[in-house]
């Protein structure tokens, strides 16, 4: 099987995350895409993060009815920062016959050579890089062609939304209709999340 993994804080998950997961699944002909909420991202150690159970619950709500999308909670159960290489090595041991892919945005592509144990990670997965309309990154792609990073670039839709924007809007009491799934919005209001700016 061809299995994709999409890691991140998902704080909160928004329609851009789900659109990206859906499009990459279809464009790369994946059997399933697992969204993996990180307990603590090594790149965001100073940033306060909403407790993992809340973020995972919002992910469950966001993928309701989405065939081929699922949530993997393993990083939330791990102590310390979440290193992708540790997660993918564990998954490869569980699924030795499957072909594994890891989704990243074009903005993350230039950082990949600096990721923890990137050569080992690149032996475990092929990176699927989401290229949004209007972005021309041919120079960066050529620079990384000779690196140990294995990647494929896929065209995706432009979705102008971010978790940072949503947290800011909610902290200011603004409406986020259309930015998150209705059931996620209901959960945020019910749990009184993002009442203060992070």
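Readers should treat all values here as calculations from the given coordinates under stated rules, not as data from a laboratory. If you're wondering where the values come from, they're calculated on a predicted model, not measured in any experiment. As a convention, Cβ positions derive from the backbone with ideal geometry for all residues, glycine included, and neighbour counts pool all protein chains shown.
If each of residue 31 and residue 123 carries a label point 7 Å out from its Cα toward its Cβ, how far apart are those two points in nm?
The two pseudo-label positions are separated by 2.4 nm.
Which percent of the Cα-Cα distances in the chain go past 26 Å?
32
Run the simple label-point estimate for residue 60 and residue 106 please: 7 Å along Cα→C-beta, distance reported in nm.
Going from the residue 60 label point to the residue 106 one covers 3.6 nm.
Kindly express, to the nearest 10 degrees and within the range 0 to 90, the angle between helix 15-27's C-alpha long axis and the longest C-alpha principal axis of the chain.
With rounding to tens, the tilt is 30 degrees.
Ignoring solvent entirely, what values of log10 I(q)/I(0) come out of the Debye formula for region 56-115 at 0.26 Å⁻¹ when each Cα is a single scatterer?
-1.23
Figure the gain on full extension for residue 196 and residue 92 (residue separation times 0.36 nm, minus the Cα-Cα span) and round it to one decimal in nm.
On the way: separation 104, 0.36 × 104 = 37.44 nm, distance 3.94 nm.
Using 0.36 nm per residue and subtracting the Cα-Cα distance, I get 33.5 nm.
Stokes-Einstein diffusion coefficient for region 17-118 at 37 °C in a medium of 0.692 mPa s, Rh from the Kirkwood formula over Cα pairs: what value in µm²/s? The partial results should precede the final answer.
On the way: Rh = 14.9 Å.
Using the Kirkwood radius from Cα pairs, D works out to 220 µm²/s.
Please give the helix 84-94 orientation as an angle from the longest Cα principal axis of the chain, in degrees from 0 to 90, rounded to the nearest 10.
70
Contour minus end-to-end for residue 177 and residue 162, with contour as 0.36 nm per residue of separation and end-to-end as the Cα-Cα distance?
4.0 nm
Would you mind ranking 174, 54 by Cβ crowding within 10 Å, fewest neighbours first? Walk me through the numbers on the way to the answer.
Values: 174 11, 54 17.
In order of increasing Cβ crowding within 10 Å: 174, 54.
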